[in-house]
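J.: Below is one structure. I have some questions about it.
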């Protein structure tokens, strides 16, 4: 194998032929289902959990500007995703786009990075689901023992008040296994359930915004931008930047929409609508919730695990508090569904290229789903969610996602230069300037993260490179021919 083979690029025609032309799931997703998949991935942990922490610790009422900054960054990247998803309507997302532009080694690294993003992200969301589920059980006089509600070994307080350690987070593991089973049964069934849950979630969010707006106290919005404490990232304009870097986790998952391309009825039309539509709807809802929430509760009091429920309690309507908790549970469920769905497609793409064992691309003869890939991912992530404390990894997931977004913007610029005559049903305007602006925006959000996050991401990528040179380069279908 020639050394330059490690950086060999896969032609777009080969990508479409090897994936789009192979037997795969049926094309049954229309634009509404794709938008619903995007909303299902985006509106979840961010709106129900992170808004309070970011407002209380970093930006105050100006958190609305943090969401706008994060949304503008995602919009710039979303345009790039839309062009690439219509140019290469196959599963694999950023991994495939990088393979066509920067070569196999970089593609493997971004695929490995996406494994981190999806696995840690979905495990974190499952832990949040577990907390809301137990809260609802308490509403009806039930509730699980504390030792089954936290990661293995974490300190807990037993029901009798004595200290102890947790055994495992069982609800988090169970919901992951149940959704995995649903995904194994079929994409059509999963999409239908997701559409219903997204509709419920939208009703809950809109109810909170409409009802809560009548109880807002404008005094809670002053000062709109709290004075900086003297430390970077704690209020002031640097706090808005840090807040944007933190709440960026709220947008993680919209890139998973690009994995629907191979199952979209008309990907050239449906994918841009799905990607940009879901991002637009979610952003409007995020901004509305933040405005109402910070108007209901003074921002220093929002550093709680359930800030939207806290806002509902201030209003004093018991039915609204219960509705918010139910909505949070449904919202987190849709995020889990879409992220598990997206990760199996990335595994399958890497397996088709020989970079992972071929079993990850195997399709069930009757169910027509990626059953082995889905089962391995579901069981593995369930084990992580049940046993591993993951509350400190939110920024790490955000860093990995921003790294992937930068490569998507680079891919658009590169392919416009390398293959300018290739037909594109959707084109990013003002190339290379808009993609370059997207790169700058991603780098700006990355600058708001702490140094130890960069270190952890670097360690993860080094491990990935080692695995590639131990397995991938010897089994690669592309490099093996160079």
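J.: Please compute the contact order of the chain in relative form: average sequence separation of alpha-carbon pairs under 8 Å and at least six residues apart, divided by the residue count, as a percent.
T.: Averaging sequence separation for qualifying contacts and normalising by length gives 33 percent for the chain.
J.: Consider all pairwise Cα distances in the range 257-310 and report the whole-number % of them above 14 Å.
T.: Of all Cα-Cα distances in the range 257-310, 64 percent exceed 14 Å.
J.: Based on the inverse mean of 1/r over its pairs of different Cα atoms, what is the Kirkwood hydrodynamic radius of the range 255-402, in Å? All intermediate terms of the calculation are to be shown ahead of the outcome.
T.: On the way: mean 1/r = 0.0539 Å⁻¹.
Computed over the range 255-402, the radius equals 18.6 Å.
J.: Next question, about the same structure. Decide, for the range 223-336, between rounded, prolate and oblate: order the square roots of the alpha carbon gyration tensor eigenvalues as a ≥ b ≥ c, take rounded if a/c falls under 1.5, and otherwise choose prolate if a/b is larger than b/c, else oblate.
T.: oblate
J.: Could you give the Stokes-Einstein D for the range 84-232 in µm² per second, using the C-alpha Kirkwood radius, 10 °C, 1.306 mPa s?
T.: Result for D is 78 µm²/s.
J.: For the peptides 196-203, 69-76, 399-406, what is the packing order when you average, over each peptide's residues, the other Cβ atoms within 10 Å and list the highest mean first?
T.: In decreasing order of mean packing, 196-203, 69-76, 399-406 become 399-406, 69-76, 196-203.
J.: Also, I was wondering about something else. Once both axes come from the Cα atoms, what is the angle between helix 187-213 and the longest principal axis of the chain, in degrees from 0 to 90, rounded to 10?
T.: For 187-213 against the chain, the angle is about 30 degrees.
J.: When the expected Rg is taken as 2.2 N^0.38 Å, what fraction or multiple of it is the alpha-carbon Rg of the range 345-482?
T.: Numbers: Rg = 18.6 Å, N = 138, 2.2 N^0.38 = 14.3 Å.
Compared with the compact-globule rule of thumb, the range 345-482 sits at 1.30.
J.: Residue 72 to residue 268: extension gain in nm, 0.36 nm per residue of separation minus the Cα-Cα distance?
T.: 68.2 nm
J.: Can I ask one more? Obtain the nm distance between the two label points defined at residue 165 and residue 451 by a simple spin-label model: each point lies 7 Å from its Cα along the Cα-to-C-beta direction.
T.: For residue 165 paired with residue 451, the spin-label model returns 3.3 nm.
J.: Could you tell me whether the range 46-167 comes out rounded, prolate or oblate from its Cα gyration tensor? Rule is a ≥ b ≥ c as square roots of the eigenvalues, rounded for a/c under 1.5, then prolate if a/b exceeds b/c, otherwise oblate.
T.: Note, shape of the range 46-167 comes out prolate.
J.: Hey, quick one: spin label on residue 13, modelled 7 Å out along Cα-Cβ, who in the range 88-107 has an amide N within reach, i.e. under 17 Å?
T.: Only 88-89, 100-101 pass the distance filter.
J.: For a protection proxy built on the mean count of beta-carbon atoms within 10 angstrom, sort 6-14, 135-143 highest first, please.
T.: Descending mean neighbour count gives 6-14, 135-143.
J.: Please determine, in degrees from 0 to 90 and to the nearest 10, the orientation of helix 104-139 with respect to the longest principal axis defined by the Cα atoms of the chain, where the helix direction is its Cα long axis.
T.: Compared with the principal axis, the helix lies near 30 degrees.
J.: Expressed as an acute angle from 0 to 90° and rounded to the nearest 10, what is the orientation of the C-alpha long axis of helix 170-185 relative to the principal long axis of the chain?
T.: Between helix and principal axis, roughly 40 degrees.
J.: Right, another one. Quick check: the distance between the Cα centres of the range 284-331 and the range 409-443, to the nearest angstrom?
T.: Between the Cα centres of the range 284-331 and the range 409-443 lies a distance of 39 Å.
J.: I've got another one for you. Can you give the log10 of the normalised intensity I(q)/I(0) at q = 0.06, 0.13 Å⁻¹, computed with Debye over equal Cα scatterers of the chain?
T.: Reported log10 I(q)/I(0), two decimals: -0.25, -1.23.
J.: A further question follows. How many angstrom lie between the C-alpha centres of the range 125-139 and the range 359-381?
T.: Going from one Cα centre to the other spans 28 Å.
Read-outs: derived from the displayed coordinates by stated rules, not from any lab. The shown structure was predicted, so the numbers you read here are calculated from the model rather than taken from an experiment. A quick note on method: Cβ atoms are made from the backbone with ideal geometry, for glycine too, and the neighbour counts reach across all protein chains shown.
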